[in-house]
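Contents: one structure, followed by commentary.
Every number in this text was worked out from the coordinates using simple rules, so none of it is lab data. Just so it is clear, the model here is predicted, and its values are computed rather than measured. FYI the Cβ positions are ideal-geometry reconstructions off the backbone, even for glycines, and counts take in every protein chain you see.
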Amino acid sequence: MEFMVPGNLILAASIFTIGVFGILLKRNAISIFMCVELMFNAANLAFITFAQSLGRPEGVAVFLFVITVAAAEAAVGLALFIKIFNDKETIEADTLDLLQR
Amino acid sequence: MISQIVYGLLFVLALFSAMMVVLSPHAVYGALYLVLTMVGIAALFVLMNAQLAGVLQIIVYAGAIMVLFLFVIMLLNVGRQEGGSGINRSVRWLGGVLSVAFILQVIAMYAGLRDELAANYTLEGAQSIRIDDVARLLLTDYIYAFEMTSVLLLVAVIGAVVLARRRLVQGALEEGERRGF
């Protein structure tokens, strides 16, 4: 299983980059949020890989914190989107340019 | 041998479904592919003998958070997105090219570090990390972070309720006035 540590790190980097690219590409705010979740997952994969390979529980603790922050962020963010949708009838990120004017 | 095949399949599954999250035109399909990515990563956790992380990943991520996402997508009915305008589109594809370049750079870096990684970090005979070790760590060294997380969750719950209500309190007040309270 000696290929797993580099493999997991490459997978984590790839998923993280796919998430960054998705944030650039997507216009729907919920899709942008899903790409942020992809980035969280990539970070978790790297944390757990190192925690397992070093045999230390710190990585799992940080994994728990990341999951908690992701849950809090998803709850607040999606509530915000509901609010914005009620006001503007859209959550296309390109049309929400109030702060650019 | 069999574990290599399983690892390769999970690798391809996670990578493919992560790409499909970005490339699928409809947000609901994107969310379902995201669930698939999370399940693939959870399976990788279990393959690394990190059962606690795998189970939490399935329960919290694929279970709770993604249900919230799908619920909001279906509630708002904003699945399909139109194509971007010209300048934005070219800038975005430039981002794609740079992303591929970045991944290739990371792979080249790992290829250079391969011997060092193989020497210092191995999953050979990795023990599963015991849940009581994690709990002891959370309640001793990371106690302040742990408490702050609970405050964060509380704030997030209250914030979500306050943000998502739709003049409910005001409506209830008017309703009460109308009834003569």
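Please find, in a Gaussian network model of chain B (springs between Cα atoms separated by less than 10 Å), the residue of B:SER24, B:SER90, B:SER128 whose mean-square fluctuation is greatest. Answer for the Gaussian network model of chain B: B:SER90. Projected over every direction and averaged, the convex hull enclosing the alpha-carbon atoms of chain A yields 7.4 nm².
Projected over all directions and averaged, the alpha-carbon convex hull of the stretch B:1-56 occupies 3.8 nm². Applying 1/(1 + (r/R0)^6) with R0 = 41 Å to the Cβ-Cβ distance of B:ALA101 and A:PHE3, what FRET efficiency is obtained, to the nearest 0.05? Efficiency, rounded to the nearest 0.05: 0.95. The magnitude of the dipole of the protein assembly as shown, with charges of +1 and -1 set on the Cβ of Lys/Arg and Asp/Glu and taken from the Cα centre, is near 720 debye.
Note on chain B: with a GNM built from Cα contacts shorter than 10 Å, the maximum mean-square fluctuation among B:ARG89, B:ARG165, B:ARG130 falls on B:ARG165. Placing +1 on each Lys and Arg Cβ and -1 on each Asp and Glu Cβ, with no other charges, gives chain A a dipole about its Cα centre of roughly 40 debye. At a Förster radius of 51 Å, what calculated FRET efficiency corresponds to the Cβ-Cβ distance of B:ALA108 and B:ARG165, to the nearest 0.05? For B:ALA108 and B:ARG165, the calculated efficiency is 0.50. Overall dimensions of the protein assembly as shown, expressed as equivalent-ellipsoid semi-axes from the Cα gyration tensor (√(5λ), whole Å, largest first), are 37, 26, 15. The GNM of chain B, with springs linking C-alpha atoms under 10 angstrom apart, assigns the highest mean-square fluctuation among B:ILE58, B:ILE103, B:ILE41 to B:ILE103. Modelled this way, with points 7 Å down the Cα-to-C-beta line, the labels at B:ILE131 and B:VAL6 are 2.1 nm from one another. Ranked from largest, the principal axis spans of the Cα set of the stretch B:85-155 equal 53, 44, 16 Å.
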